[in-house]
Structure formats: structure tokens, C-alpha cells
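Throughout, read-outs are computed from the coordinates displayed, never taken from laboratory work. All of these numbers come straight from a predicted model, not from anything done at the bench. Backbone-built Cβ (ideal geometry, glycine too); neighbour counts: all protein chains shown.
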Amino acid sequence: MDERTFHDFSAITIDGERRPMSEYRGRLVLVVNIATQCAFTPQLTSLQDLDDRFSEHGFTVLGFPSDQFHQDPGTDEDTQEFCTSTYDVRFPLFSKIDVNGPDAHPLWQWMCTQKAGVIGGRIAWNFTKFLIDGEGKVLRRYAPLVPPARIGRRIESELGLR
């Protein structure tokens, strides 16, 4: 059994700084692989809405761009500019990563072993979402088709707001 938690990992922010996930200890976190040219890209608005609505209650969205499905071309700077100017994204964004295969980011490898999806441990598409509790355990995996607004009730429940 893998005894690691979300807090044992780190990732490079879109600005090039290493950020330990332990900075989010005690917070409910929704980790999402995002892309700028995907049919699900408009979910960025709903993800920001969740972050705005629940941030003061101990919740954060973390966006991990990935071009593994060929829908986020360009540089980290291009992705950041698009997300902020088109969708007013203010939640933390990280540097582009792979979410599948031998070069998949270790955090994403770990999350996939914690909650497999419909095609096993692999990420099927952009905007797969993982809900992580304050202790760093994966509570739930959501498919790309699940709109972020539908996760709001679970977030309210986990934060003790219902």
C-alpha cells in the first residue's frame, strides 16, 4: 500500500518556482489537468467560480496544463496569458506536464493509482479532476464531462458548509 499523500509531492509553478504540495495541507484541493484548446476549456470559468466561492473556507483549485492530448500548444507563458486574459483564471497554475506514460508527473502517477478511472489508471482526457482532502488523500476522481459546478455540493459537504 502506498503510504504517500498529496503533500509528499511538489511541482513547478507556471512561473518556474518549485512549490511543495504540503503548502496546501489542511485545505481541500481540486487538481485538474487543463488545456487551452479543448472543448472543455470553458470549464476554466466554473473552476475559477469554485475557487472564488470556497477559497476563504479552505479550498483551492490547482491547474496543471498538459499538451499530451495536443490541445495546449505553445509555452507556459502562452498558456498563462490565455487563461488569465480569456477566462480570468487566478487559481494557481503549474508548468506543463505529462499526465500519462513514462514521463507522467509523479503527482499524477500517484493520483491515478489512488483512484483509477474508466480506462484504469490512465487519464482519458483534459479536465480530469481529483478532489484531495486536507490530509492529502484522494477523495474522488471526476471525469472530464463532469462540470465543476456539479462538484460544488461535495465541496460544501467536505468543508462542513452544508
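Laid out as a table, the results:
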item	result
Share, in percent, of DSSP beta bridges within the range 6-158 that are antiparallel, nearest 5	60
Pairs of alpha carbons in the range 69-136 whose separation is greater than 14 Å (percent)	66
Protection proxy ranking of 124-133, 80-89 - average other beta-carbon atoms within 10 Å, highest first	124-133, 80-89
Where N is the number of residues in the range 15-72, Cα Rg divided by 2.2 N^0.38 Å	1.23
Total formal charge among the other residues, if their Cβ is under 13 angstrom from that of Gln68, Lys/Arg +1 and Asp/Glu -1	-2
Proximal charge balance of His105 [Cβ under 12 Å; K/R count +1, D/E count -1]	-1
Order by protection proxy (mean Cβ within 10 Å, highest first), peptides 61-72, 43-54, 143-154	61-72, 43-54, 143-154
Three-way shape label, the range 6-158, alpha-carbon gyration tensor, a/c 1.5	rounded
